[in-house]
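Enquirer: Here it is, the structure in full.
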Amino acid sequence: MPRVIGIEIPDKKRLEIALQKIYGINKYLANEVITKMRLDKNMPAGNLTEAEIAALGKLLQSEY
């Protein structure tokens, strides 16, 4: 399971849904983050690379 800012997100769920498991992230915010990072919202969260996970954590901590 990918671990983003200390929260394990489900790896088999779509990225749009998986990000909502992080406290404070709703569907709108998840889509905004995915768009900023130029990711596919329909890809399984388990397909994120280590670099994408690190960038996602950095973006969430700095802007949200």
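Enquirer: Per Stokes-Einstein, at 10 °C and 1.306 mPa s, what whole-number D in µm² s⁻¹ belongs to the chain, with the Kirkwood radius over Cα pairs as the hydrodynamic radius? Let's see the in-between values first.
Expert: On the way: Rh = 11.3 Å.
Stokes-Einstein gives a translational diffusion coefficient of 141 µm²/s.
Enquirer: How much length is gained if the chain between E8 and D40 is pulled fully straight, taking 0.36 nm per residue apart and subtracting their Cα-Cα distance, in nm to one decimal?
Expert: Values: separation 32, 0.36 × 32 = 11.52 nm, distance 1.92 nm.
Stretched fully, the E8-D40 segment lengthens by 9.6 nm.
Enquirer: At a probe radius of 1.4 Å, what is the per-residue accessible area of T35, in Å² to the nearest 10?
Expert: 100
Enquirer: Same structure, new question: Among Y23, Y64, Y28, what's the order by accessible area (1.4 angstrom probe), most exposed first?
Expert: Values: Y23 220, Y64 95, Y28 165 Å².
From most exposed to least exposed: Y23, Y28, Y64.
Enquirer: How much solvent-accessible surface does K13 expose, in Å² to the nearest 10, with a 1.4 Å probe and all protein chains in place?
Expert: Its heavy atoms expose roughly 100 Å² to the probe.
The values are calculated or read from the model by the stated rules, or taken from the named source; none is laboratory data. Computed from a prediction, not measured in an experiment: that's the story for all the values here. For accessibility, only protein heavy atoms count, side chains too; no ligands or nucleic acids. Shrake-Rupley method; radii C 1.70, N 1.55, O 1.52, S 1.80 Å.
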